[in-house]
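Quick notes on the structure that follows.
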Amino acid sequence: MKVRCFWVNEDPLYIKYHDNEWGKPVYDDATLFEFLLLESFQAGLSWITILKKRENFREAFDQFDYKKIAKYNENKFNELIQNSGIVRNKLKVKAAITNAQLFQEIQKEFGSFSAYIWNYVDGKPIINKFKTREEVPATTAISDKISKDLKKRGFKFVGSTIIYAFMQATGMVNDHTTDCFCY
């Protein structure tokens with residue numbers, strides 16, 4: 001039997017996500033935006049809730065196409081907050097649209113969002129050696145710094161805890177515990 005990180009339950013969706021995505025370095029802007037959007041919707045909820053709705057989010061948000069999302073109008077906004085397949089939080093839906101617009105501003109400034117975000121870790125994952133749940137932080141000095149900069153740029157739902165979860169999901173940090181087969 002494979003040993004996995006403490007947070008993985010028996011849900012096949014969770015296992016698949018842990019084994020195939022979580023902690024694997026992502027350098028593609030489209031995928032980075034997908035995780036930024038999903039993590040922002042996760043605020044105050046469990047990740048499994050978002051994972052179970054991920055395909056609904058994908059369909060509702062035009063395959064996470066940030067160029068399309070940046071152009072959403074009031075009609076599209078109203079359609080989204082009526083969509084029971086996603087998290088219908090008006091502030092989070094507005095944030096997704098705003099963040100898509102600002103995501104493109106960062107791309108213009110840095111050449112890509114990937115170049116911007118990965119610069120915080122010198123372009124390579126931070127490999128942690130955590131053994132227990134208690135050792136894994138909710139935030140770090142780097143997530144604080146990224147969060148502060150994104151907020152200064154106008155991004156919403158990008159607190160340090162959300163950013164650290166984003167860093168874990170996109171492999172900027174490898175927080176698989178040392179007993180996990182993915183470590």
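Data for the structure
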| item | result |
| --- | --- |
| Any hit, region 103-119, residues being over 22 Å from residue 175 (Cβ atoms) and part of a loop (DSSP other than H, G, I, E, B) | yes |
| Given (1) open to solvent by less than 20 Å² (accessible area, probe 1.4 Å); (2) closer than 27 Å to residue 11 by Cα; (3) not in a helix (DSSP H, G or I), index of the condition residue 88 fails | (1) |
| For residue 162: the one exception among (1) closer than 21 Å to residue 20 by Cα; (2) modelled with pLDDT of 95 or more; (3) in contact with a Phe, Trp or Tyr (Cβ under 9 Å, 6 or more places away or on another chain) | (3) |
| From the options 2, 68, 94, 24, residue that is exposed (fewer than 13 other Cβ atoms within 10 Å of the Cβ) and basic (Lys, Arg) | 2 |
| Residue, most open to solvent (accessible area, probe 1.4 Å), within region 133-155, restricted to residues that are touching a helix residue (DSSP H, G or I) at 6+ places or on another chain (Cβ under 6 Å) and part of a helix (DSSP H, G or I) | 144 |
| Yes/no for residue 110 being crowded, with 20+ Cβ neighbours inside 10 Å and among the aromatic types (Phe, Trp, Tyr) | no |
| Answer residue from region 116-127, given it is without any contact (Cβ under 8 Å) to a residue 12 or more places away in the chain and open to solvent by less than 100 Å² (accessible area, probe 1.4 Å) and is nearest to residue 33 (Cα to Cα) among those | 116 |
| Lone unmet requirement of (1) part of a loop (DSSP other than H, G, I, E, B); (2) of a type outside the set (S, T, N, Q); (3) open to solvent by less than 30 Å² (accessible area, probe 1.4 Å) for residue 130 | (3) |
| Answer from 99, 128, 83 - the residue that is in contact with a strand residue (DSSP E or B) (Cβ under 9 Å, 6 or more places away or on another chain) and not acidic (Asp, Glu) | 128 |
| Residue satisfying all of: in region 97-107; within 27 Å of residue 23 (Cβ to Cβ) and of a type in the set (A, V, I, L, M, F, W, C); most open to solvent (accessible area, probe 1.4 Å) among these | 102 |
| Pick from region 27-51, criterion among the charged types (D, E, K, R) and over 22 Å from residue 87 (Cα atoms), ranking: most open to solvent (accessible area, probe 1.4 Å) | 28 |
| Checking residue 77 against (1) touching a residue at least 24 places away in the same chain (Cβ under 8 Å); (2) open to solvent by less than 80 Å² (accessible area, probe 1.4 Å); (3) not aliphatic (A, V, I, L, M), the condition it does not meet | (1) |
| Criterion violated by residue 71 - all others in (1) part of a helix (DSSP H, G or I); (2) free of Cβ contacts under 8 Å to residues at least 24 places away in the same chain; (3) of a type outside the set (Gly, Ala, Ser) satisfied | (1) |
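The values are calculated or read from the model by the stated rules, or taken from the named source; none is laboratory data. All figures in this text were calculated on a predicted structure; none of them were measured in a lab. All Cβ positions, glycine included, derive from the backbone under ideal geometry; neighbour counts span all protein chains shown. With ligands, DNA and RNA removed, areas are computed over all heavy atoms of the protein, side chains included. Shrake-Rupley method; radii C 1.70, N 1.55, O 1.52, S 1.80 Å.
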